[in-house]
Amino acid sequence: MEDFYTIQGEGFHQGRAAYFIRLAGCEVRCVWCDVKDSWNANDHPKVSIESIVAKAKASGTEICVVTGGEPTMHNLEALTQALKSAGLKTNLETSGAYPITGTWDWICFSPKKFKHPHPSVAQQANELKVVVFHKTDFAWAEEFAQQVNATCKLYLQPEWSKEEDVLPQLIAYVKANPKWQISLQVHKYMNIP
Ligand code: SF4
């Protein structure tokens, strides 16, 4: 759908320069999705892996973040091999809707209620990032915290449109449950993509 060099605004790599590769296509259909234009892959022209990797390399980035849409809809072996051959780190942002393909340096797993994740994904996650839209999402987050491996980082992130309501609940929850950290979408404060 698009690719661009920016700052990773969320989670463990927040604040780091990163080249984003947004793949089109998503069947998860979150009601609060902020990239609904990504849902229909046929709305976007196909782009060669070689051209994307060349642009990423030329940007000067060390990290490529593959996001969507839902990137696990696609076989990601060829893309990740090409990125790694170019000396770039491969980071994945996924709801885990499908089994993960490809070779990854970092997997951010962000499960969504709108399409339950594939059971193979949680154990592969380096980072669990749960978007909190409603107070029931804390129980949803804990369900997945039980499934990830012991080294997985745990983040709660307020849904952007609900941030004013949700953030106080999140602060109280993390103070009471310090295994979690708060992730804010700092790219939105900086007005960058
Ligand atoms: Fe949007 Fe991501 Fe949800 Fe798909 S998984 S609907 S791209 S927020």
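Worth pointing out:
- Here L154 qualifies as in contact with a Lys or Arg (Cβ under 8 Å, 6 or more places away or on another chain), crowded, with 16+ Cβ neighbours inside 10 Å and under 18 Å from Q14 (Cα atoms).
- Entry remark, region 84-103: residues being within 10 Å of the ligand (Cβ to nearest atom) and over 10 Å from the mean Cα position of the chain (by Cα) number 1 in total.
- Complete set of residues in region 80-101 that are surrounded by 17 or more Cβ atoms within 10 Å (Cβ to Cβ) and part of a helix (DSSP H, G or I): T80, A82, L83, K84
- Within region 65-83, the set of residues being more than 16 Å from the ligand (Cβ to nearest atom) and either without any contact (Cβ under 8 Å) to a residue 24 or more places away in the chain or within 13 Å of the chain's Cα centre (by Cα) (or both) comprises just one member, Q81.
- If the condition is being touching a residue at least 60 places away in the same chain (Cβ under 8 Å) and away from the ligand (no atom under 15 Å from the Cβ), then region 104-148 contributes W106, N126, E127.
- Of all the residues in region 51-64, those that are outside any helix (DSSP H, G or I) and either within 9 Å of the ligand (Cβ to nearest atom) or surrounded by fewer than 16 Cβ atoms within 10 Å (Cβ to Cβ) (or both) number 2.
- Lone qualifier among E163, E127, E159, E142 - being within 26 Å of A18 (Cα to Cα) and out of contact with any strand residue (DSSP E or B) (no Cβ under 7 Å at 6 or more places or on another chain): E163
- Residue count for region 3-46, restricted to those that are exposed (fewer than 15 other Cβ atoms within 10 Å of the Cβ) and not basic (K, R): 12
- Number of positions in region 16-50 that are more than 10 Å from the ligand (Cβ to nearest atom) and either polar (S, T, N, Q) or not in a loop (DSSP other than H, G, I, E, B) (or both): 12
- W39 vs. criteria among the aromatic types (F, W, Y), touching a Ser or Thr at 6+ places or on another chain (Cβ under 9 Å) and farther than 20 Å from I107 by Cα: no
- Of all residues in region 158-193, those being touching a His at 6+ places or on another chain (Cβ under 9 Å) and either surrounded by 14 or more Cβ atoms within 10 Å (Cβ to Cβ) or of a type in the set (G, A, S) (or both) number 3.
Every number here is computed from the coordinates shown, using simple stated rules; none is lab data. Everything quoted here is computed from the prediction, not taken from an experiment. All Cβ positions, even for glycine, are placed from backbone atoms using ideal geometry, and neighbour counts span all protein chains on display.
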